[in-house]
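Below is one structure; the comments refer to it alone.
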Amino acid sequence: MVMNEQRRALLKYSAVFGLMSTAGLISVAQAEEWNKAAFEGKSLDEVFKALGTSSPDKSSTVVLTAPDIAENGAVVPVSITSSLKADQMAILVEKNPAVLAAQFFIPNGTEAFVTTRIKMGQSSNVYALVKTDGKWVMAVKEIKVTLGGCGG
Amino acid sequence: MSDPMRIRATEKDGIVDVKILMKHDMESGQRKDASGKLIPAWFINMLNVKAQGKDVFNAEFGPGVSKDPFLNFKYKGSKGDKLVVNWIDTKGDKRTDEATVS
């Protein structure tokens with residue numbers, strides 16, 4: 001990447017986030033669609049709130065597939081499926097510095113299924129959230145981590 | 001310029017299975033370099049997938065997604081669908097790759 005472009009991108013990025021943080025403004029660039037409040041949540045409650053829920057009910061319609069023991073916390077495969085039609089899904093790791101790992105938006109015609117890989121700093125409960133008809137439900141699973149993957 | 005994504009998309013019984021492997025360090029902002037200084041966070045935070053020009057998947061990532069992010073999802077589609085995958089990271093770097101469903 002050319003130096004100028006990089007500098008411009010950096011300037012643009014810092015300007016935009018500066019604006020957002022001081023005035024709470026939402027502007028036009030793509031990056032602002034990112035749910036900053038949710039990704040900066042340091043606790044389950046903060047993330048739940050940023051996602052527009054207080055405490056989602058546990059539901060057997062949500063299935064979280066992940067290993068019981070992850071030898072390497074840097075790469076933990078996690079899969080969410082739901083028997084209901086999903087609009088949105090999210091993966092939360094209770095003991096990570098940033099609790100929300102990822103969220104997904106599922107348009108009509110796309111299945112309620114996603115697999116990805118996440119980092120875990122230590123053993124923790126992992127939450128799979130699924131939003132159906134405006135309501136969040138969830139599944140929880142404890143994953144034990146042998147070697148942490150956030151600082152290493 | 002970042003390295004290309006690897007995209008594999010195959011159709012069976014009207015369902016397209018899409019696997020995407022991105023190339024990105026996904027710095028969490030938690031790691032320290034050799035001198036003990038924190039390495040600033042730098043990660044892909046948004047991803048969009050279109051098939052035939054229509055959204056089929058959107059993702060938002062935090063720093064807790066693994067290095068070289070992997071995604072697998074499924075949508076109702078056909079062989080020959082043209083997929084366009086876009087990501088953007090927290091420094092504003094972007095990458096677009098295309099694939100055809102087989």
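Values in this text are rule-based calculations from the coordinates and carry no lab data. Remember, it's a predicted structure, so these values are computed and weren't measured experimentally. Note: ideal-geometry Cβ built from the backbone for every residue, glycine included; neighbour counts use all protein chains shown.
Tabulated data
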item	result
Extreme residue, positive dipole direction of the stretch A:35-147, given options A:Val63, A:Thr115, A:Asn96 (C-beta unit charges)	A:Asn96
Cα radius of gyration and Dmax for the protein assembly as shown (Å)	17.9, 55
Amide H partners (placed H, <5 Å) of A:Ala102, local residues excluded	A:Ile91, B:Gly62
For the stretch B:49-88, the spread of Cα positions along each principal axis, largest first, Å	33, 17, 13
Fewest-first ranking of A:Trp136, A:Trp34, using other Cβ atoms within 10 Å as the exposure measure	A:Trp34, A:Trp136
Principal semi-axes in Å for chain B [√(5λ), Cα gyration tensor, largest first]	31, 12, 11
B:Ile44, A:Ile118 arranged by Cβ crowding within 10 Å, fewest neighbours leading	B:Ile44, A:Ile118
Karplus-derived HN-Hα couplings along the stretch A:84-93 (A = 6.51, B = -1.76, C = 1.60, θ = phi - 60°), whole Hz, x at Gly and Pro	9, 6, 9, 9, 8, 9, 8, 10, 10, 10
Karplus-derived 3J(HN,Hα), 6.51/-1.76/1.60, for each residue of the stretch A:73-79, Hz, glycine and proline x	x, 6, 9, 10, x, 9, 10
Magnitude of the charge dipole, the protein assembly as shown, Cβ model with Lys/Arg +1 and Asp/Glu -1, debye to 20	240 debye
Too-long pairs where the Cα-Cα distance tops 21 Å, listed order kept, from A:Lys58/A:Lys95; B:Lys50/B:Lys76; B:Lys23/B:Lys79; A:Lys85/A:Lys119; A:Lys36/A:Lys141; B:Lys12/B:Lys74	B:Lys23/B:Lys79; A:Lys85/A:Lys119; A:Lys36/A:Lys141
Value of relative contact order over the stretch A:35-147, rounded to a whole percent, pairs C-alpha under 8 Å and six or more apart	33 percent
Burial ordering of A:Ile91, A:Ile69, fewest other beta-carbon atoms within 10 Å first	A:Ile69, A:Ile91
Relative contact order computed over chain B (Cα-Cα under 8 Å; 6+ residues apart), in percent	32 percent
Ordering of A:102-114, A:55-67, B:76-88 by packing [mean C-beta count within 10 Å, highest first]	A:102-114, B:76-88, A:55-67
Magnitude of the charge dipole, the stretch A:58-118, Cβ model with Lys/Arg +1 and Asp/Glu -1, debye to 20	100 debye
In sequence order, calculated HN-Hα J values of the stretch B:42-56 (Karplus, 6.51, -1.76, 1.60; Hz; x Gly/Pro)	7, 8, 5, 10, 9, 9, 10, 10, 10, 10, 6, x, 10, 4, 10
Cα lying deepest toward the dipole's positive end in the stretch B:1-49, options B:Ser2, B:Ile15, B:Trp42, charges on Cβ	B:Trp42
Per-residue [θ]222 nm for the protein assembly as shown (sum of -39500 (n - 2.57) over DSSP H runs n ≥ 4, rounded to 500)	-4000 deg cm²/dmol
Dipole magnitude of the stretch B:4-87, debye to nearest 20 (Cβ charges: Lys/Arg +1, Asp/Glu -1, about Cα centre)	160 debye
